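*Asks:* First, the structure itself, so that you have it in front of you.
The values are calculated or read from the model by the stated rules, or taken from the named source; none is laboratory data. All values derive from a computational prediction rather than experimental measurement. Quick reminder, even Gly has a Cβ in these numbers, built from the backbone with ideal geometry, and neighbours come from all protein chains shown. Protein only, heavy atoms only, side chains kept; ligands, DNA and RNA dropped before computing areas. Shrake-Rupley method; radii C 1.70, N 1.55, O 1.52, S 1.80 Å.
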Amino acid sequence: MVKEQIEARGITDARVLQAMRNTPRHLFVPKDLEAMAYEDRPLPIGDGQTISQPYIVALMSQLLDVEPSHRVLEIGTGSGYQAAILAQLAAQVYSIEIIPKLASRAEALLRQLNYTNVRIRLGDGYLGWPEEAPFDRIILTAAPPTIPQQLIAQLRPGGKLVAPEGVSQQDLVVVEKSKTGAIQRRSIIPVVFVPMVHGRN
Ligand code: SAH
């Protein structure tokens, strides 16, 4: 998977490639799809949600440019796979999931696999995790119509955010906050993600 789908498409970050090699993706997909876990595609994980295509996980991880000392916020825990990759790149990962069943399943799996530096919270990612802000890096794995200001506010000066953005047409976007707080953004490629929904609370 790493050689043919990820290195072949130009992902070069050695730490990202190593994390992808180390992570047993088949444990993060439903049992009946286990045989397809290393294929070049997203897969359903229940409740209408998906685990992203491996290449997209690698691309987003590389764009996020995570350093070993970093505290990273993820919105959309889903299966916990992206969180497991981030756990190997960062000091601490905070991940928020809005669907209770997915949050508890991912939490149990990550604990079982000994990823001790991931905390999962059941809640609405639009609010971020203010008690733990600011974050060095923020990644969204569900697409909001526009990147929420509240999340950009929880980014440390010098920080980066990577997210799919848009409704019918989505782009993968990198947002950088300079040391002085100036915001710069660039679009990378068109993508297809599940929508980031609003909580009912
Ligand atoms: N990173 C995941 C991909 C999950 S798909 C993985 O590696 O498997 C996106 C996830 O975002 C879904 O599980 C969905 O329930 C969740 N989501 C959607 N809107 C959300 C919100 N407002 N807050 C938190 N999670 C949200």
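*Asks:* Out of the residues in region 161-188 meeting the condition of being exposed (fewer than 11 other Cβ atoms within 10 Å of the Cβ) and among the β-branched types (Val, Ile, Thr), tell me which one is nearest to the ligand (Cβ to nearest atom).
*Replies:* Val167
*Asks:* Out of (1) within 10 Å of the ligand (Cβ to nearest atom); (2) under 13 Å from Val16 (Cβ atoms); (3) of a type outside the set (A, V, I, L, M); (4) surrounded by fewer than 24 Cβ atoms within 10 Å (Cβ to Cβ), the odd one out for Lys101 is which?
*Replies:* Just one mismatch for Lys101, condition (2).
To keep it simple, each residue is scored yes or no on (1) more than 22 Å from Arg185 (Cβ to Cβ); (2) out of contact with any helix residue (DSSP H, G or I) (no Cβ under 9 Å at 6 or more places or on another chain); (3) not β-branched (Val, Ile, Thr).
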| site | (1), (2), (3) |
| --- | --- |
| Thr12 | yes, no, no |
| Lys31 | yes, yes, yes |
| Leu43 | yes, no, yes |
| Pro54 | yes, no, yes |
| Gly78 | yes, no, yes |
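*Asks:* While we're here: Is there a residue being away from the ligand (no atom under 16 Å from the Cβ), in contact (Cβ under 8 Å) with a residue 24 or more places away in the chain and over 14 Å from the mean Cα position of the chain (by Cα) anywhere in region 137-152?
*Replies:* First, pick out the residues of region 137-152 that are away from the ligand (no atom under 16 Å from the Cβ): none.
No.
*Asks:* Here is a further query. Tell me, please, whether a residue that is part of a helix (DSSP H, G or I), small (Gly, Ala, Ser), open to solvent by 60 Å² or more (accessible area, probe 1.4 Å) and away from the ligand (no atom under 11 Å from the Cβ) can be found in region 153-160.
*Replies:* Looking through region 153-160, at least one residue is part of a helix (DSSP H, G or I), small (Gly, Ala, Ser), open to solvent by 60 Å² or more (accessible area, probe 1.4 Å) and away from the ligand (no atom under 11 Å from the Cβ).
*Asks:* Please work out if Ile96 is under 15 Å from the mean Cα position of the chain (by Cα), part of a strand (DSSP E or B) and within 14 Å of the ligand (Cβ to nearest atom). It would help to see each step written out before you state the result.
*Replies:* Numbers: under 15 Å from the mean Cα position of the chain (by Cα): yes; part of a strand (DSSP E or B): yes; within 14 Å of the ligand (Cβ to nearest atom): yes.
Taking the combined requirement at face value, the residue satisfies it.
*Asks:* For region 48-81, what are the residues that are of a type in the set (A, V, I, L, M) and within 7 Å of the ligand (Cβ to nearest atom)?
*Replies:* Hits for region 48-81 are Ile51, Val57, Ile75.
*Asks:* Anything in region 82-93 that is more than 7 Å from the ligand (Cβ to nearest atom) and either touching a residue at least 40 places away in the same chain (Cβ under 8 Å) or in a loop (DSSP other than H, G, I, E, B) (or both)? List them, or say none.
*Replies:* Ala84, Ile85, Leu86, Gln88, Leu89, Ala90, Ala91
*Asks:* Still on this structure, please answer the following. Quick check, is Ser104 small (Gly, Ala, Ser) and either outside any helix (DSSP H, G or I) or more than 23 Å from Val174 (Cβ to Cβ) (or both)?
*Replies:* yes
*Asks:* Does Glu131 meet the test of being acidic (Asp, Glu), assigned to a strand (DSSP E or B) and either open to solvent by 40 Å² or more (accessible area, probe 1.4 Å) or within 13 Å of the ligand (Cβ to nearest atom) (or both)?
*Replies:* Values: acidic (Asp, Glu): yes; assigned to a strand (DSSP E or B): no; either open to solvent by 40 Å² or more (accessible area, probe 1.4 Å) or within 13 Å of the ligand (Cβ to nearest atom) (or both): yes.
Criteria not met by Glu131.
*Asks:* Within region 189-201, take every residue that is within 16 Å of the ligand (Cβ to nearest atom) and assigned to a strand (DSSP E or B) and give me the one that is surrounded by the most Cβ atoms within 10 Å (Cβ to Cβ).
*Replies:* Val191
*Asks:* While we're here: Can you find a residue that is among the aromatic types (Phe, Trp, Tyr), within 11 Å of the ligand (Cβ to nearest atom) and not in a loop (DSSP other than H, G, I, E, B) anywhere in region 119-127?
*Replies:* Yes.
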